[in-house]
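See below for the structure under consideration.
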Amino acid sequence: MCHIVGMRVHSKRKADCMMSRKRDQIILATRDLVFEQGLQDVAMSQIAQRAQVGMGTIYNYFPSKEDLVFCLFSEIKATMSLHVLEGYDATQPVVDRVLYLLGSLVRYSIEHPREFFLTNQLAQIPFIQKRAKSEKVPALVVAFNQVMIDAQQQHLLKAMPLDVMSVLLLGATNALVEAHMRQQIHLDQTTTEQATSACWDAIKR
């Protein structure tokens, strides 16, 4: 009897792993196709073919294309948060934290160009903007918002609204990464540190 129960547990674990792999295949296929063709030109049938699964399998995991694309967006943001926040110390001085986050974000974006472009592209889509408001805020956004609040409370920032200064910082960071990817500039460790310091200088008192 124990042997039979053990076989059932093993079979369930194996089935769970297979389901997880199929789900991952679907998300990765969606990522690649949206990056290559743009969201509007990607059909669910193409995703199924690229992921090597049946259409029914996709709809078992994702009831609609919107659900699938939003899941892709959420997973990219979550993975980005994990990588960018690795080694981040919230007890460090504000300036050190800001520069760490900006530098880490630049490095991650350069190393993961698909995720960088997809995040920026998908974030502009109305249904994603709407759904994101009801979802848990990514850890990276929480950390960035907190360090900006700390900077304001310590009177380190110019007299501007926090959201305006956040847009200035992140907009400049995105522009740097895009220019690097277009080979208009070259960002190594030294120039990244110089550029992120200049971004901070633009909003500090």
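Where a number appears in this text, it was derived from the coordinates with a stated rule and is not lab data. Since the structure is predicted, the reported quantities are computational estimates derived from the model, not experimental observations. When we count neighbours, we look across all protein chains shown, and the Cβ atoms used for this are built from the backbone with ideal geometry, even at glycine.
Taking H as built 1.01 Å from N, whose amide H comes closer than 5 Å to the amide H of LEU157, not counting residues under 5 places away?
Placed amide hydrogens put ARG205 under 5 Å from LEU157.
Quote the relative contact order of region 65-205 in percent (integer), defining contacts as alpha-carbon pairs under 8 Å separated by 6+ residues. If you can, show how the numbers build up before the last one.
On the way: 90 pairs, mean separation 45.4, N = 141.
Relative contact order of region 65-205: 32 percent.
What is the helix-to-structure angle for 2-37, meaning the angle in degrees between its Cα long axis and the longest Cα principal axis of the chain, kept from 0 to 90 and rounded to the nearest 10?
For 2-37 against the chain, the angle is about 50 degrees.
Helix 65-84 against the longest principal axis of the chain: what's the angle in degrees, Cα atoms only, rounded to the nearest 10?
50 degrees
Starting from the amide H of ILE185, placed 1.01 Å from N in the peptide plane, find each other amide H under 5 Å away whose residue is 5 or more places distant or on another chain.
Amide H neighbours of ILE185: HIS180.
Per residue, what volume in Å³ does the convex hull of the Cα atoms of region 65-205 enclose?
On the way: hull volume 16.3 nm³, N = 141.
That works out to 115 Å³ per residue.
What does the charge count near LEU101 come to, summing +1 for each Lys or Arg and -1 for each Asp or Glu among other residues with Cβ under 14 Å from its Cβ? Walk me through the numbers before you get to the answer.
On the way: positive: ARG97, ARG107; negative: GLU86, ASP89, ASP96, ASP150, GLU193.
After counting each charged neighbour, the total is -3.
Return a single number: how many Lys pairs in the chain, at a sequence separation of 8 or more or on separate chains, have alpha-carbon atoms below 15 angstrom apart.
Working: LYS14/LYS22; LYS77/LYS133; LYS77/LYS136; LYS158/LYS204.
Close lysine pairs under the 15 Å cut-off: 4.
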